[in-house]
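Below: one structure, written as structure tokens.
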Amino acid sequence: MENNPFSLKNKRILITGASSGIGRAIAVECSKMGACVIITGRNEERLKATILEIGDDKVQYIIANFAKDDDVLALCNKIEDLDGLVNCAGLTKVLPFNFAKPSDFKEVMDVNFFAPAELTRLLLKAGKIRKKGSIVFISSISGVLCSAPAASIYSSSKGAVNGLVKGMALDLAPKGIRVNCVNPGMITTDIFSDGKIMQEQLKEDMKRYPLKRYGKPEEVAYSVIYLLSDASSWVTGSNLIIDGGYTLL
Ligand SMILES: NC(=O)c1ccc[n+]([C@@H]2O[C@H](COP(=O)([O-])OP(=O)(O)OC[C@H]3O[C@@H](n4cnc5c(N)ncnc54)[C@H](OP(=O)(O)O)[C@@H]3O)[C@@H](O)[C@H]2O)c1
């Protein structure tokens, strides 16, 4: 399509957490919009499944475990210049606050907050994010607008991400680099596949959404495409809520 401000043609975009759920959908949908995507995650088989879905076996994939500082540095070293970065990798830990030890907070903060912050800093320091580049963090409504029982650890990590985005947006504006985050409500993915939250509980929870369902990974991906594209060229430091109306109530 001619003159499409949402196009990602000729843009090189790194997507973390692209081996599953929301990150995979972002990789697939960005690729459909013309981007050259580079994907990362821990699990090689799942990364390859993402590549299969994209349908281009030339897509570069890099294995990295964000619980390891060395992996974050090695990932940065393997990356060439980027127009976009999507920090999507993340995990949750369902634990009532009374049982949440510093080591539990650290486990989640390392992957949800410190690793994406450090990856972004290293890429910037190496001059690998081009002028007019766009950085997107996948945060959550949890920790920013609401929380849930036993979610204090996860909520803390996402609240921190939202704060980071605001500060980074100001610091990077002189370079013309934009920083935004997307705050989804519940999206159907594997994130709760450890079985700690029962399917019945999830079905009940779904009814609390005005649109009467959870979101789909691609519904988050479309908002990320907007933030990566030139269509959002005057948008920085914002958080885009994608939650089927949940936080209206
Ligand atoms: N699903 C929701 O309801 C929801 C709502 C709001 C926000 N989010 C956020 O959206 C993001 C993606 O979640 P999702 O629902 O798509 O979950 P998911 O299907 O479980 O995918 C999580 C992704 O993060 C990667 N990851 C986890 N730990 C990692 C580590 N130590 N090092 C490197 N990569 C790691 C996984 O890689 P491997 O496959 O290689 O392990 C996977 O690609 C997260 O930041 C999550 O907090 C999700």
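Couplings for segment 120-126, taken from phi via the Karplus curve 6.51 cos²θ - 1.76 cosθ + 1.60 with θ = phi - 60°, read 5, 4, 5, 5, 5, 4, 7 Hz in order; Gly and Pro are left as x.
Within segment 197-237, the trypsin sites (Lys or Arg not before Pro) that combine a DSSP coil assignment with at most 15 other C-beta atoms in a 10 angstrom radius are Lys207, Arg208, Lys212, Arg213. To the nearest ten degrees, helix 152-172 and the longest principal axis of the Cα atoms of the chain are 30 degrees apart. Karplus-derived 3J(HN,Hα) values for segment 101-117, using 6.51 cos²θ - 1.76 cosθ + 1.60 with θ = phi - 60°, are 7, x, 5, 5, 4, 4, 4, 7, 4, 4, 7, 7, 10, 5, 5, x, 5 Hz; glycine and proline are entered as x.
Derived scalar couplings between HN and Hα for segment 80-94 equal 9, 3, 10, 9, x, 9, 10, 8, 10, 3, x, 9, 10, 9, 8 Hz in order, rounded to whole Hz, by the Karplus curve 6.51 cos²θ - 1.76 cosθ + 1.60 (θ = phi - 60°), x for Gly and Pro.
Here's the list of lysines a cross-link from Lys11 could span, going by alpha-carbon distance under 28 Å and ignoring same-chain residues fewer than 8 apart: Lys32, Lys48, Lys58, Lys78, Lys125, Lys128, Lys131, Lys132, Lys158, Lys166, Lys175, Lys216. By its C-alpha gyration tensor, with a ≥ b ≥ c as the square roots of the eigenvalues, how is segment 12-248 shaped: rounded for a/c under 1.5, else prolate for a/b larger than b/c, else oblate? Rounded shape, in that the Cα axes give a/c under 1.5.
Look at the dipole of the chain built from charges on Cβ: of Leu240, Ile141, Val86, the Cα furthest out on the positive end belongs to Leu240. A simple charge model with +1 on the Cβ of Lys and Arg, -1 on the Cβ of Asp and Glu and nothing else charged puts the dipole of the chain at about 440 debye relative to its Cα centre. In this structure, Phe97 and Glu53 have a Cβ-Cβ separation that, at R0 = 35 Å, corresponds to a calculated FRET efficiency of about 0.35.
Using amide H atoms built in the peptide plane, which far-off residues or other-chain residues are under 5 Å from Arg42 H to H? When sequence neighbours closer than 5 places are left aside, the close amide H contacts are Ala64. Database remark: amide H of Phe137 closer than 5 angstrom to the amide H of Asn87, Asn180, Cys181, Val182 (H placed geometrically; neighbours at sequence offset of 5 or more, or on other chains; Pro and chain starts carry no H).
Only aspartates and glutamates eight or more places from Lys196 in sequence, or on another chain, were considered; those with a Cα closer than 17 Å are Asp104, Glu204, Asp205. Each label point was placed 7 Å from the Cα along the Cα-to-Cβ direction; for Ala74 and Lys9 their separation is 3.8 nm.
Here's how it looks for Leu82: its modeled amide H is under 5 Å from those of Ile129, Arg130, which are all 5 or more places away or on a different chain.
Every number here is computed from the coordinates shown, using simple stated rules; none is lab data. Keep in mind that what you see is a predicted model, and the values were worked out from it rather than measured. Every residue, glycine among them, receives a Cβ derived from its backbone with ideal geometry; neighbour counts consider all protein chains shown.
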